[in-house]
Amino acid sequence: MDLAYQGSLLDDAPAPWLGDLGGLRRRDLGHGAWVDVLPGWVRGADEVFESLIRDIPWRAERREMYSTMVDVPRLVHTYGVGAGLPHTILTQARDALSRHYRPELGEDFVTAGCCLYRDGRDSVAWHGDNLGRSRSHDTMIAIVSLGSARKLQLRPLTGPTVATYPLGHGDLLVMGGSCQRTFLHGVPKTARAVGPRISIQFRPLNVW
């Protein structure tokens, strides 16, 4: 897959590595929901991005909308429970997140959903990941962003956008508490010229 991405001029780490999760900053959204953010958690991310573009078996999906089958505006792949991840830094990230959040979450992150936004036309509509246990229980979803910066927006089920995070290369965002039940999130389209972005979403068992 040939997708051009301008790597960071400052990303000169000899090999990918993870920063300290102690730098996470939490924002209380209300209604029992919160978001943790840590910019630049994945260091040396250029190599990781290039590897994932090449090695993940990306696929296009179609789904029904208003009685019509439409293309999903992004490419996807999911690594289920027990599946090996396509880069060692993703395994390290999943394990580090599990260790850090286990006292609060009560379990580990065990799956990894991957999305590839090829340009500004690719997006995710407003939604909550509430088809599994998150429909009735508090949980967490940890998102690692690689590549070009794109905005992730959050709003309550009824009401305007209350938070916008321009997730950049190597950034980490964790949605927790009641976030999947009481808030919606999405990545809007943009008319700006933007390069490709990969989003990796780590989830506990039966959360999607």
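The numbers here are math on the coordinates, done by the rules we state, and not lab data. Fair warning: this is a prediction, and the values are worked out from it, not measured in the lab. Cβ: placed from backbone, ideal geometry, glycine included. Neighbour counts: every protein chain shown.
Some values worked out for this structure:
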| quantity | calculated |
| --- | --- |
| Ranked list, fewest to most other Cβ atoms within 10 Å of each Cβ, for W126, W58 | W126, W58 |
| Sorted by Cβ density within 10 Å, fewest first, the residues T91, T139, T158 | T158, T91, T139 |
| Within-10-Å neighbourhood charge of V110 [Cβ basis; K, R +1; D, E -1] | 0 |
| Charge-dipole axis of the chain as Lys and Arg at +1 and Asp and Glu at -1 on Cβ define it, positive-most pick from V70, V174, S123 | V70 |
| Interatomic Cα distance distribution for region 44-152, bins of 10 angstrom, percent | 11, 38, 38, 12, 1 |
| Summed side-chain charge close to A142 - residues other than A142 whose Cβ falls under 10 Å, Lys, Arg +1, Asp, Glu -1 | +1 |
| Compactness of the chain as Cα Rg over 2.2 N^0.38 Å, two decimals | 0.97 |
| Loop sites in region 32-115: GluC sites (Glu not before Pro), DSSP, at most 16 other Cβ within 10 Å | E107 |
| Simple Cβ-charge dipole of region 79-169, Lys/Arg +1 and Asp/Glu -1, about Cα centre, in debye nearest 20 | 240 debye |
| Projected label distance in nm at R133 and A83, using a 7 Å step from Cα toward the beta-carbon | 2.0 nm |
| Counted charge near R197, where neighbours are those whose Cβ lies closer than 13 Å (Asp, Glu -1; Lys, Arg +1) | +4 |
| In nm, spacing of pseudo-spin labels at W208 and H31 (7 Å Cα→C-beta vector) | 2.5 nm |
| Cα centre as origin, Lys/Arg/Asp/Glu Cβ charges: the chain dipole, Debye | 660 debye |
